[in-house]
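Accompanying notes for the structure given below.
Read the figures in this text as sums done on the coordinates, not as results from a lab. Since the model is a prediction, treat every value here as computed from it, not as a measurement. With ideal geometry, Cβ positions are generated from the backbone for all residues, glycine too; neighbour counts draw on all protein chains shown.
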Amino acid sequence: VPARKAPGLDGFTAEFLRACWTIIRQDLMDVFQQLFEMRGRGFGKLNQALMILLPKRPDAQQLRNYRPICLIHIVAKIFTKVLSLRLAPRLDSLVSRNQNAFITGRSLHDNFILVRHSLKMLHQLGAPRIMLKLDLTRAFDSISWPFLFKVLRQYGFGDRFREWLAIMLSTSSTRVTLGRLMRRALDAGLLQQLHPRRPIPAISLYADDVMLFCHATPEDVAAIKGILTLFGKASGLLVNYAKSSATVLHGDMQGHEVIAQLGCPVVQLPITYLGIPLSTRRPSAAQLQPLV
């Protein structure tokens with residue numbers, strides 16, 4: 001845990017724990033012993049988070065222009081770190097290469113390069129294709145817990161590990177704080193790598209950022225929508241088609257008619273993917289300026 005990472009409601013950082021370890025060691029070890037014995041009673045007081053809002057853009061004036069960040073109690077942070085360290089060596093074999101978020105050795109840049117190369121290859125092929133950028137509605141808030149634990153059991157996670165996760169999820173709570181900027185806004189009434197011979201991947205994921213490629217045919221689009229609907233019913237992760245987008249590669253008229261099945265807006269290249277301009281051409285200096 002980083003020494004000076006922003007503290008949660010308790011106000012303690014990892015640096016404080018290290019400096020005062022001889023004093024608080026036994027108390028912390030007692031908490032961990034209870035958790036390892038599956039006794040989560042009372043842990044809710046140590047599993048609270050403080051939510052603050054950070055602006056996504058310099059001129060942010062509406063709630064949708066702010067990103068919520070949760071500052072977690074140091075004890076809960078350490079325990080989740082222990083679980084993640086136990087899991088980390090197995091993640092590479094458990095998680096598909098299509099998903100690159102939060103896994104050692106994988107990077108956001110891998111997703112972008114993969115999608116960009118796929119886009120360029122499909123563009124060069126000249127056949128009608130559709131690129132779908134999907135928006136999952138409140139992905140981390142709406143996922144079904146029973147679905148999550150069924151998946152973990154199917155992957156071979158033992159009862160003890162699943163119980164630890166259940167304690168962390170069931171005892172967690174969040175408080176919201178409004179910073180000075182948000183209070184002023186309220187007062188003012190403003191808040192309302194790819195080898196050319198390998199097959200082109202159909203899906204790329206970075207956390208809840210999903211990019212799909214498919215043929216511009218009614219059958220392909222209907223199949224994708226059916227799969228996403230079934231997945232949403234099972235997992236609780238629903239696609240918000242109004243905030244998703246589709247880009248047609250060749251066959252404009254046919255592609256637009258097919259996309260009507262989804263009800264998502266059609267956008268032209270370049271688009272923004274993972275915060276970076278995405279196109280079949282090299283981005284201009286003006287497009288890259290916000291990243292500098």
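For labels at Lys150 and Leu54 in the simple 7 Å Cα→Cβ model, what's the distance in nm?
The modelled label-to-label distance comes out at 3.5 nm.
For Glu163, project a label point 7 Å along Cα to C-beta. Then give me every residue of segment 84-123 with its amide nitrogen under 17 Å of that point.
none
If the chain between Lys233 and Leu269 were fully stretched, how many nm would it gain, using 0.36 nm times the residue separation less the Cα-Cα distance?
On the way: separation 36, 0.36 × 36 = 12.96 nm, distance 3.20 nm.
Contour length minus the Cα-Cα distance gives 9.8 nm.
Treating the beta-carbon of each Lys and Arg as +1 and of each Asp and Glu as -1, no other charges, what is the dipole magnitude of the chain about its Cα centre, to the nearest 20 debye?
Details: 37 positive and 19 negative charges, 108 e Å.
In total the dipole reaches around 520 debye.
Rounded to whole Å, give me the distance from the Cα center of segment 114-141 to that of segment 64-85.
The distance from the Cα centre of segment 114-141 to that of segment 64-85 comes to 31 Å.
By count of other Cβ within 10 Å, fewest leading, how are Trp164, Trp145 ordered?
Working: Trp164 21, Trp145 12.
In increasing order of surrounding Cβ atoms, one gets Trp145, Trp164.
Apply the a/c threshold of 1.5 to the C-alpha gyration tensor of segment 1-133 and tell me whether it is rounded, prolate or oblate. Could the numbers behind the result be given before it?
Working: a/c = 2.99, a/b = 1.83, b/c = 1.63.
Prolate, because a/c is 1.5 or more and a/b exceeds b/c.
Put +1 on the Cβ of every Lys and Arg and -1 on every Asp and Glu Cβ in the chain; which of Leu169, Leu28, Pro89 then has its Cα farthest towards the positive end of the dipole?
Going by the charge dipole, the pick is Leu28.
Mind sorting Val258, Val1 by how few other Cβ atoms lie within 10 Å of their own Cβ, fewest first? Don't skip to the end; give the middle numbers.
Values: Val258 23, Val1 13.
Ranking Val258, Val1 by Cβ neighbours within 10 Å, fewest first, gives Val1, Val258.
Grab the beta carbon distance between Glu37 and Leu85, set R0 = 22 Å, and tell me the FRET efficiency rounded to 0.05. Intermediate values should be presented prior to the final figure.
Details: r = 20 Å, r/R0 = 0.91.
Here the calculated transfer efficiency is 0.65.
Per-residue ellipticity at 222 nm for the chain, helices alone: DSSP H runs ≥ 4 residues times -39500 (n - 2.57), over residue total, nearest 500 deg cm²/dmol? Could the numbers behind the result be given before it?
Values: 11 runs with 125 residues, N = 292.
My calculation for the chain gives -13000 deg cm²/dmol from helical runs alone.
Filter the cross-link list Lys56/Lys225; Lys56/Lys77; Lys56/Lys133; Lys81/Lys233; Lys56/Lys233; Lys5/Lys243 down to pairs whose alpha-carbon distance in this structure exceeds 29 Å.
On the way: Lys56/Lys225 31 Å; Lys56/Lys77 25 Å; Lys56/Lys133 20 Å; Lys81/Lys233 31 Å; Lys56/Lys233 31 Å; Lys5/Lys243 33 Å.
From Lys56/Lys225; Lys56/Lys77; Lys56/Lys133; Lys81/Lys233; Lys56/Lys233; Lys5/Lys243, over 29 Å: Lys56/Lys225; Lys81/Lys233; Lys56/Lys233; Lys5/Lys243.
Please give every one of the aspartates and glutamates within straight-line cross-link reach of Lys45, meaning a C-alpha to C-alpha distance under 14 Å, and leave out same-chain neighbours fewer than 8 residues apart.
In chain and number order, the partners are Asp10.
Just the ratio, please: alpha-carbon radius of gyration of segment 14-91 over 2.2 N^0.38 Å, N its number of residues. Provide the component values of the computation, followed by the final result.
Numbers: Rg = 16.9 Å, N = 78, 2.2 N^0.38 = 11.5 Å.
Output field value: 1.47.
Is there a quick way to get the dipole size of segment 14-91? I mean about its Cα centre, with the Cβ of Lys and Arg at +1 and of Asp and Glu at -1; what is the value in debye to the nearest 20? Mind showing how you got there, number by number?
Numbers: 13 positive and 5 negative charges, 66 e Å.
In debye, rounded to 20, segment 14-91 gives about 320.
How big is the chain along each principal axis, measuring the range of its Cα positions in Å and listing the largest first?
Computed over the chain, the largest-to-smallest principal extents equal 69, 53, 33 Å.
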